[in-house]
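Okay, structure first, notes after.
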Amino acid sequence: MTWADTVWMNNGDVLSGDIVKLDSGKLSLQTKYAGTIELDWRYVTALDSDKTFWVSLIGEEKARLRRFEGQQTGVTVIDESGRKRSFSAVWPVAAIHIEKPVIADTWVLGGKLVAALDSKSDAYC
């Protein structure tokens with residue numbers, strides 16, 4: 001059985017497909033009728049899905065496994081423990097991913113930089 005996600009838009013359109021991701025303000029939705037389409041997140045009013053995604057809410061440092069319930073306006077985000085948080089709009093959702101997001105490695109470099117000016121040749125050493 002295929003489970004379709006539902007996305008409601010502020011112009012009244014209701015789209016069905018599979019949510020691929022929400023990144024940089026664009027919601028990617030895989031549809032049977034138009035392939036993968038990108039929707040501007042500002043115009044999405046609600047989401048509904050039976051699937052679990054890695055979801056980041058605004059102000060959170062890391063994504064958590066969650067699913068969505070919604071209809072026409074707003075969304076309820078449900079975490080793994082069953083805790084529900086309802087929002088009257090979708091804007092608190094900052095990112096959606098199918099797989100756990102990988103945080104890039106951070107490199108911290110240390111040491112000393114020594115520079116000198118050779119006044120005779122006007123060159124840096």
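Remark on F53: its backbone amide H falls under 5 Å from those of R66, R67, a criterion applied only to residues 5 or more positions apart or on other chains, H modelled at 1.01 Å from N.
Listed cross-link partners K51/K100; K62/K112; K32/K84 are compared with a 24 Å cut-off, the Cα-Cα value being larger for K62/K112; K32/K84.
Here the Kirkwood formula puts the hydrodynamic radius of segment 1-95 at 13.3 Å, using every distinct Cα pair. Within segment 1-70, the trypsin sites (Lys or Arg not before Pro) that combine a DSSP coil assignment with at most 12 other C-beta atoms in a 10 angstrom radius are K32, K51, K62.
The numbers here are math on the coordinates, done by the rules we state, and not lab data. What you see is a predicted model, and the numbers here were worked out from it, not measured in a lab. Glycine gets a Cβ as well: all are built from the backbone with ideal geometry, and neighbour counts include every protein chain shown.
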